[in-house]
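Shown next, in structure tokens, is the structure this report addresses.
The values are calculated or read from the model by the stated rules, or taken from the named source; none is laboratory data. Keep in mind the model is a prediction, meaning the values are calculated, not measured. No Cβ is skipped: glycine too gets one built from the backbone with ideal geometry, and neighbour counts run over all protein chains shown.
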Amino acid sequence: MPDVKLIKINEQLADLLDIDIGFLTSQAGLRFLSGKNSENLPNSISLAYAGHQFGHLVPQLGDGRAVLLGDKICKDGVRRDIQLKGSGKTYFSRGGDGRAGIGPVIREYLISESMHHLGVPTTRSLAVLSTGEKVVRAEVTPGAMLARVATSHVRVGTFEFFALRNQRENIRKLADFMIERSHPDLCEKKKKYELFFERIVIGQARLVAQWNSVGFIHGVMNTDNTSISYETIDYGPCAFMDSYEANKVFSSIDQFGRYAFSNQARVAPWNLSRLAETILFLISENTSEAIKVVEEILFDFDKHFNNSLDILSSRKLGIKNNSKNTSSLYSELLNLMEAGKADFTHTFKSLKAILIKEDTSIFLNNFIGLDEDNQRALNKWLGDWKKFMKENNESKAKAIDLLSSSNPEFIMRNHLVEKSIVKATEDDFSDFEILSDLLINPYEIKENHEAFYKAPTNKEVVHKTFCGT
Ligand code: AMP
Ligand code: MG
């Protein structure tokens with residue numbers, strides 16, 4: 001790479017990793033981040049994996065443009081991988097060039113960091129570098145690299161890779177590696193594999209509930225993009241919804257809506273079933289016994305998902321303790337939002353204005369073109385919500401606090417990401433800088449930056465996302 005330059009360092013994350021920022025921004029740091037001192041990192045590797053992509057088995061995938069530089073115990077005691085993406089061809093590149101364009105790199109930085117600051121488990125972004133090269137995609141675009149950080153890069157597809165090759169000992173080693181690394185309390189347990197699987201199921205159920213609570217659509221929930229550490233991974237065609245639509249799909253390649261918003265909680269257990277198949281023999285030598293065990297765990301996915309979503313959605317309504325009433329209030333509101341093309345983020349945050357200003361107009365203005373029945377239903381909903389708020393909150397101030405801390409002002413909307421990418425392609429990183437600053441405090445509006453909190457206009461709205469690499 002002729003001219004590697006540092007575009008962005010995530011100082012907070014560098015601090016968590018306990019890596020000196022002075023080093024990272026020095027020439028030596030640049031060599032480290034761009035993988036140029038790989039002779040000092042003899043254990044750097046690219047990982048093999050397989051995967052079910054849109055339901056179809058692909059036996060051979062892998063890090064086609066990524067190198068795992070190593071891992072490190074961070075200040076919080078958690079071990080994390082540092083991986084370089086876009087660093088060149090690897091053993092697994094197949095026909096690809098191993099490179100990344102500036103667009104997808106900026107996209108991953110902004111959306112993954114936004115997710116992190118919204119409290120959603122995710123891989124993170126440590127640095128963006130430009131390479132000085134051009135890469136050929138739909139258009140010729142500047143080359144870039146992303147330094148990515150994850151609790152692990154092991155995926156459901158990593159287990160599938162060995163299962164497809166009938167390499168049972170390697171599956172055992174991989175499971176033991178993950179248990180030792182992330183679940184050391186299970187190491188000595190007799191049923192450790194079963195408990196390990198249960199943790200992944202619970203983790204994935206909670207993760208998808210969190211996605212739903214912020215209107216996030218992953219877009220490419222293939223098993224190679226399903227993390228064993230239940231973090232959001234792969235920011236290809238993902239997007240936050242603007243106006244609410246239960247079956248919303250952004251990804252240009254998701255023709256049949258397999259990964260639509262409302263399908264995410266169905267796809268995750270499907271993916272986890274693929275994982276279960278690879279570890280049955282670890283759970284019991286008797287296959288039908290093992291199937292019974294994993295089925296029971298998988299059946300509980302819905303329970304875990306619904307429990308998490310009920311808690312999160314109740315808080316979004318400003319009500320501390322969830323109940324049957326809060327879940328029906330939430331789903332009724334979503335139905336009306338869909339009918340009135342209401343903005344997901346703005347509708348929830350406008351509930352606060354009702355309490356602060358005793359004014360329902362900001363809330364009602366989110367809904368456009370409701371027919372008479374729906375208008376009546378919305379008014380009734382407001383009455384029910386107000387009554388329920390009064391009965392179930394200690395004070396108005398507490399309810400306002402809960403609404404403020406549960407409903408973001410800022411999400412990384414697609415039109416903002418797209419605009420910042422257009423500018424970055426022309427070597428102007430000003431929007432990228434602003435967005436990477438705003439995402440850190442998503443629950444507050446930063447003065448003089450009001451435009452970044454608005455929903456897109458009809459002209460600005462982005463309907464399709466692409467798996468750009
Ligand atoms: P993704 O759609 O990002 O999940 O990628 C699917 C597979 O294609 C992964 O195994 C990637 O490593 C690989 N891949 C994506 N882009 C490239 C590229 N430019 N060069 C080589 N491999 C790639
Ligand atoms: Mg992927």
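Determine if segment 184-202 includes at least one residue that is within 16 Å of ligand 1 (Cβ to nearest atom), in the same structural domain as Ala150 (by TED's automatic domain parsing), touching a Phe, Trp or Tyr at 6+ places or on another chain (Cβ under 9 Å) and closer than 30 Å to Glu409 by Cα.
no
Collect the residues in segment 436-469 that are closer than 28 Å to Gly96 by Cβ and modelled with pLDDT of 95 or more, keeping them in residue-number order.
Within segment 436-469, the subset closer than 28 Å to Gly96 by Cβ is 436, 462-469.
Passing the criteria: only Ser436.
Could you please find all residues in segment 412-469 being within 29 Å of Asn247 (Cβ to Cβ) and aromatic (Phe, Trp, Tyr)?
Matches in segment 412-469: Tyr443, Phe452, Tyr453, Phe466.
Which count do you get for residues in segment 228-237 that are within 12 Å of ligand 1 (Cβ to nearest atom) and out of contact with any Phe, Trp or Tyr (no Cβ under 7 Å at 6 or more places or on another chain)?
The number of residues fulfilling the criteria is 4.
Which numbered condition in (1) surrounded by fewer than 21 Cβ atoms within 10 Å (Cβ to Cβ); (2) within 16 Å of ligand 1 (Cβ to nearest atom); (3) touching a residue at least 24 places away in the same chain (Cβ under 8 Å) is the only one that Glu245 fails?
(2)
Looking at (1) more than 16 Å from ligand 1 (Cβ to nearest atom); (2) of a type in the set (Gly, Ala, Ser); (3) surrounded by 13 or more Cβ atoms within 10 Å (Cβ to Cβ); (4) at pLDDT 95 or above, can you tell me which one Gly64 breaks?
That leaves (1) as the condition not met.
Taking the residues in segment 411-469 that are part of a loop (DSSP other than H, G, I, E, B) and of a type in the set (Ser, Thr, Tyr) as candidates, determine which candidate is farthest from Tyr235 (Cα to Cα). Talk me through it step by step, then tell me what you get.
Taking segment 411-469 first, the residues part of a loop (DSSP other than H, G, I, E, B) are 411-413, 426-429, 439-449, 454-464, 466-469.
From the residues that got through so far, the ones that are of a type in the set (Ser, Thr, Tyr) too are 443, 457, 469.
Values: Tyr443: 22, Thr457: 24, Thr469: 10 Å.
The selected residue is Thr457.
Which numbered condition trips up Val267, out of (1) more than 16 Å from ligand 1 (Cβ to nearest atom); (2) part of a helix (DSSP H, G or I)?
(1)
Only one of Pro2, Pro59 is of a type outside the set (Asp, Glu), modelled with pLDDT under 95 and either in contact with a Lys or Arg (Cβ under 9 Å, 6 or more places away or on another chain) or assigned to a loop (DSSP other than H, G, I, E, B) (or both). Can you tell me which?
After ruling out the rest, the residue left standing is Pro2.
Scan segment 283-315 for residues that are closer than 18 Å to Leu195 by Cβ and of a type in the set (A, V, I, L, M, F, W, C) and jot them down.
The answer is Ile283, Ala290, Ile291, Val293, Val294, Ile297, Leu298, Phe299, Phe301.
If you scan segment 86-107, which residues turn out to be under 28 Å from Arg165 (Cβ atoms) and either surrounded by fewer than 22 Cβ atoms within 10 Å (Cβ to Cβ) or away from ligand 1 (no atom under 11 Å from the Cβ) (or both)?
Gly88, Lys89, Thr90, Tyr91, Phe92, Ser93, Arg94, Gly95, Gly96, Asp97, Gly98
Filter segment 390-410 down to residues that are surrounded by fewer than 19 Cβ atoms within 10 Å (Cβ to Cβ) and outside any loop (DSSP other than H, G, I, E, B), then give me how many there are.
Qualifying residue count, segment 390-410: 10.
Taking segment 67-102 as the search range and keeping residues that are within 16 Å of ligand 2 (Cβ to nearest atom) and of a type in the set (Lys, Arg), which one is farthest from the chain's Cα centre (by Cα)?
Here the residue is Arg94.
Using beta carbons and a limit of 9 Å, which pairs, at least six apart or on different chains, have the first residue in segment 174-192 and on the phi < 0 side of the Ramachandran plot and in a helix (DSSP H, G or I) and the second one of a type in the set (Asp, Glu) and buried (at least 18 other Cβ atoms within 10 Å of the Cβ)?
Arg181/Asp71
In segment 219-243, what residues are out of contact with any Lys or Arg (no Cβ under 8 Å at 6 or more places or on another chain) and either of a type outside the set (A, V, I, L, M) or within 10 Å of ligand 2 (Cβ to nearest atom) (or both)?
Gly219, Val220, Asn222, Ser229, Glu231, Thr232, Asp234, Gly236, Pro237, Cys238 - these are the residues of segment 219-243 that are out of contact with any Lys or Arg (no Cβ under 8 Å at 6 or more places or on another chain) and either of a type outside the set (A, V, I, L, M) or within 10 Å of ligand 2 (Cβ to nearest atom) (or both).
So how many residues does segment 106-144 have that are modelled with pLDDT of 95 or more, assigned to a loop (DSSP other than H, G, I, E, B) and not polar (S, T, N, Q)?
4
Tell me which of these Asp234 doesn't satisfy, since it passes every other one: (1) in the same structural domain as Ser34 (by TED's automatic domain parsing); (2) outside any helix (DSSP H, G or I); (3) charged (D, E, K, R).
Every listed condition holds for Asp234 apart from (1).
Give the residue, chosen from Val58, Val120, that is touching a residue at least 12 places away in the same chain (Cβ under 8 Å), surrounded by fewer than 20 Cβ atoms within 10 Å (Cβ to Cβ), more than 17 Å from His153 (Cβ to Cβ) and within 10 Å of ligand 1 (Cβ to nearest atom).
Val58
For segment 151-169, what are the residues that are closer than 12 Å to Thr226 by Cα and not hydroxyl-bearing (Ser, Thr, Tyr)?
His153, Val154, Arg155, Val156, Gly157, Phe159, Glu160
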